[in-house]
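Asks: Got a structure for you, written out below as structure tokens; questions coming shortly.
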Amino acid sequence: MRAFAFAAALLASAGACAQPCLRPGEWFSTTGETPHGIPASVVLAASAQREVVLLGEQHDVADDHVWQLATLAALHGARPQMAIGFEQFPRRVQPVLDAWIAGRLTEKQFLEQSEWREVWSYPPELYLPLFRFARINGIPMIALNVDRELIDAVATKGWDGVPDALKDGVSRPAPASKAYLDMLRRIYKEHPQRDGAEFAHFVDSQLTWDRAMAEALARGRSDARPLVVGIIGSGHLRFGYGVRHQLRALGVDNVATLLPVAADSRCEQLGADIADAVFAIPQPLAKDAPPPPRLGVRLELSQDGVAIVEVTPGSLAAASGLKNGDRIVSLAGAPVRALHTVIDAVRGQPAGTWLPIQVRRGDDTLDVIVKFPPKE
């Protein structure tokens, strides 16, 4: 991974690694054995000279998105010719992003036409400041992703088992490095319900995801040579295993990876070369209101309703008896025909109450009661 070479002279020699080792609100280089403080001006000036800058995130961490916005603004000030790619949108909705930047859509229309609730499902309030920043500055937005159906198909059948006509134009990914395979194997083992023989397909699905986003970023470099910034989950960026590896295979190597990390992270949690630089996000203040409840499922819209694709072990859904493959028929007696119906109902459920869910499992229709924990 390429380092900030000209910043090396600014870095003090490392002593024993304190635990934790980051100071909140500061940048650190992780290109050595231990993190070193580095001035923000150095990080941003170096990044602005790259072809592509990858900004990571934990999707549901609000402060990560505040950091992304601040970093975008600084990069835009140094290099106004810019395009911003978003993992959150499949490439088929690119015309909607274009219409948003052109000022032809309201926010409500933009979210509806981009199918935000169906495709991404995280609260749009986390991302709207980024979208508004792009619109008011006339910065093109690029849809980086593909539909989840393609990723799931590759996970089930492998890359070679999916017809080329269904691959949405994605080219064959570069093979994963051994280090990436080791990391993916650890993730894969967290899902004991999977047959070990399918690990190769799981790898193929992750590589397809990485490749699709890398291709879109590479195409974003037009004749005007803008700085292309990617807003992408940190899991695709750490150590350069995912998107950056695929960019390199596409001939794009002038890349910077910047990640937000918790200020209380320990040195051994970061690891050398996790990114070109990381920004230490302070611990969030205690909130007056508890976070909205989560059911712990991944949903997809199917031909016969909303299907539960995956149930997170230990979640409310698992404790309530919901299973992979269940199709949600109704919530509290009201029919369910859209993903956002389920998401909104769960997020709005008061603590300590029960939510009756009717599901179809095979040929059977079952009634399940989800008991939300009381307020602490």
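Asks: Quick check: anything in segment 158-177 modelled with pLDDT under 95, over 24 Å from Trp100 (Cβ atoms) and of a type in the set (Val, Ile, Thr)?
Replies: No, segment 158-177 contains no residue that is modelled with pLDDT under 95, over 24 Å from Trp100 (Cβ atoms) and of a type in the set (Val, Ile, Thr).
Asks: Moving on. Residue by residue through segment 314-344, note down the ones that are farther than 17 Å from Phe372 by Cβ and free of Cβ contacts under 8 Å to residues at least 12 places away in the same chain.
Replies: Matches in segment 314-344: Ala334, Pro335.
Asks: Follow-up. Enumerate the pairs (first residue in segment 119-146 and touching a residue at least 40 places away in the same chain (Cβ under 8 Å) and under 19 Å from Arg298 (Cβ atoms); second residue anywhere and hydroxyl-bearing (Ser, Thr, Tyr) and surrounded by 16 or more Cβ atoms within 10 Å (Cβ to Cβ)) with beta-carbon separation below 8 Å, excluding pairs fewer than 6 apart on the same chain, so at least 6 apart or on different chains.
Replies: Final answer for the pair search is Val146/Thr208.
Asks: Sticking with this structure for a sec: Name every residue in segment 149-167 that is within 21 Å of the chain's Cα centre (by Cα) and either aromatic (Phe, Trp, Tyr) or crowded, with 17+ Cβ neighbours inside 10 Å (or both), in order of residue number. Walk me through how you get there before you give the answer.
Replies: Going through segment 149-167, the residues within 21 Å of the chain's Cα centre (by Cα) turn out to be 149-155, 167.
If the condition is that a residue be within 21 Å of the chain's Cα centre (by Cα) and either aromatic (Phe, Trp, Tyr) or crowded, with 17+ Cβ neighbours inside 10 Å (or both), then Leu150, Ile151, Ala153, Val154, Ala155, Lys167 are the ones that fit.
Asks: So Arg238 clears everything in (1) crowded, with 24+ Cβ neighbours inside 10 Å; (2) under 21 Å from Ser177 (Cβ atoms) except one condition, right? Which one?
Replies: Unmet condition: (1).
Asks: Of Ile357, Ile308, Ile274, Ile343, which residue is among the β-branched types (Val, Ile, Thr), closer than 30 Å to Cys21 by Cα, surrounded by 15 or more Cβ atoms within 10 Å (Cβ to Cβ) and outside the structural domain of Lys189 (by TED's automatic domain parsing)?
Replies: Numbers: Ile357 fails: closer than 30 Å to Cys21 by Cα; Ile308 fails: closer than 30 Å to Cys21 by Cα; Ile343 fails: closer than 30 Å to Cys21 by Cα.
Every option except Ile274 fails the conditions.
Asks: Still on this model: In the list Arg135, Arg92, Arg117, which residue meets the criterion of being at pLDDT 95 or above, part of a helix (DSSP H, G or I) and under 19 Å from the mean Cα position of the chain (by Cα)? Walk me through how you get there before you give the answer.
Replies: Values: Arg135 fails: under 19 Å from the mean Cα position of the chain (by Cα); Arg117 fails: at pLDDT 95 or above.
The conditions single out Arg92.
Asks: Let me ask something else about it. Show the residue pairs that are 6+ apart or on different chains and have beta-carbon atoms under 7 Å apart, the first residue being within segment 93-106 and assigned by TED's automatic domain parsing to the domain that holds Val119 and within 19 Å of Trp120 (Cα to Cα), the second being of a type in the set (Lys, Arg) and in a helix (DSSP H, G or I).
Replies: From residues that are assigned by TED's automatic domain parsing to the domain that holds Val119 and within 19 Å of Trp120 (Cα to Cα), the pairs are Trp100/Arg135.
Asks: Picking from Gly251, Gly325, Gly321, which residue would you name as being touching a Gly at 6+ places or on another chain (Cβ under 9 Å) and either farther than 18 Å from Asp367 by Cα or small (Gly, Ala, Ser) (or both)? Quick ask: steps written out before the conclusion?
Replies: Details: Gly251 fails: touching a Gly at 6+ places or on another chain (Cβ under 9 Å); Gly321 fails: touching a Gly at 6+ places or on another chain (Cβ under 9 Å).
From the options Gly251, Gly325, Gly321, the qualifying one is Gly325.
Asks: Would a scan of segment 204-218 turn up a residue that is part of a loop (DSSP other than H, G, I, E, B) and touching a Gly at 6+ places or on another chain (Cβ under 8 Å)? If you could, list the steps in order and put the result at the bottom.
Replies: Step one: list which residues in segment 204-218 are part of a loop (DSSP other than H, G, I, E, B), which gives none.
Within segment 204-218, none of the residues are part of a loop (DSSP other than H, G, I, E, B) and touching a Gly at 6+ places or on another chain (Cβ under 8 Å).
Asks: So how many residues does segment 79-108 have that are under 30 Å from Trp27 (Cα atoms) and loosely packed, with under 15 Cβ neighbours inside 10 Å? Explain how you work it out, then say what you get.
Replies: Taking segment 79-108 as the starting set, the residues that turn out to be under 30 Å from Trp27 (Cα atoms) are 79-89.
Narrowing the set further to residues that are loosely packed, with under 15 Cβ neighbours inside 10 Å leaves 80-81.
The number of residues fulfilling the criteria is 2.
Asks: Of the residues Gly220, Gly233, which is closer than 20 Å to Leu72 by Cα, at pLDDT below 95 and not charged (D, E, K, R)? Spell out the reasoning first.
Replies: Values: Gly233 fails: at pLDDT below 95.
Exactly one of Gly220, Gly233 is closer than 20 Å to Leu72 by Cα, at pLDDT below 95 and not charged (D, E, K, R), namely Gly220.
Asks: Follow-up. Starting from segment 172-192, keep only residues that are assigned by TED's automatic domain parsing to the domain that holds Val154, then list their pairs with residues that are part of a loop (DSSP other than H, G, I, E, B) and at pLDDT 95 or above whose Cβ atoms are within a distance under 8 Å, requiring at least 6 positions of separation or different chains.
Replies: Ala176/Tyr241; Ser177/Tyr241; Ala179/Tyr241; Tyr180/Tyr241; Tyr180/Gly242; Met183/Tyr241; Leu184/Ala176
Asks: Leu217: crowded, with 23+ Cβ neighbours inside 10 Å and under 19 Å from the mean Cα position of the chain (by Cα), yes or no? I'd like the intermediate steps shown before the answer.
Replies: Numbers: crowded, with 23+ Cβ neighbours inside 10 Å: yes; under 19 Å from the mean Cα position of the chain (by Cα): yes.
Judged against the criteria, Leu217 is a match.
Asks: Let me ask something else about it. What is the residue count in segment 30-43 for residues that are surrounded by fewer than 23 Cβ atoms within 10 Å (Cβ to Cβ) and under 22 Å from His236 (Cβ atoms)? So that I can check it myself, show each step before the final result.
Replies: Here is the first cut: in segment 30-43, the residues surrounded by fewer than 23 Cβ atoms within 10 Å (Cβ to Cβ) are 31-34, 36-37, 39-42.
Cutting the leftovers down to under 22 Å from His236 (Cβ atoms) gives us 31.
Summing the residues that are surrounded by fewer than 23 Cβ atoms within 10 Å (Cβ to Cβ) and under 22 Å from His236 (Cβ atoms) in segment 30-43 gives 1.
Asks: Among the listed residues Glu87, Glu57, Glu33, identify the single one that is part of a loop (DSSP other than H, G, I, E, B) and at pLDDT 95 or above. Before the answer, list the steps.
Replies: Values: Glu87 fails: part of a loop (DSSP other than H, G, I, E, B); Glu33 fails: at pLDDT 95 or above.
Selected residue: Glu57, the only one of Glu87, Glu57, Glu33 that is part of a loop (DSSP other than H, G, I, E, B) and at pLDDT 95 or above.
Asks: Which one of Val306, Val311, Val370 is in contact (Cβ under 8 Å) with a residue 12 or more places away in the chain, over 25 Å from Ile151 (Cβ atoms) and under 29 Å from the mean Cα position of the chain (by Cα)? Quick ask: steps written out before the conclusion?
Replies: Details: Val306 fails: over 25 Å from Ile151 (Cβ atoms); Val311 fails: over 25 Å from Ile151 (Cβ atoms).
Just one listed residue meets the conditions, Val370.
Asks: Looking only at segment 221-230, how many residues end up being surrounded by fewer than 22 Cβ atoms within 10 Å (Cβ to Cβ) and of a type outside the set (D, E, K, R)?
Replies: So the count comes out to 3.
The values are calculated or read from the model by the stated rules, or taken from the named source; none is laboratory data. This one's a predicted model, so the numbers in the text were calculated from it and none came from an experiment. Because the Cβ atoms are built from the backbone with ideal geometry, glycine has one as well, and the counts that use them run over all protein chains shown.
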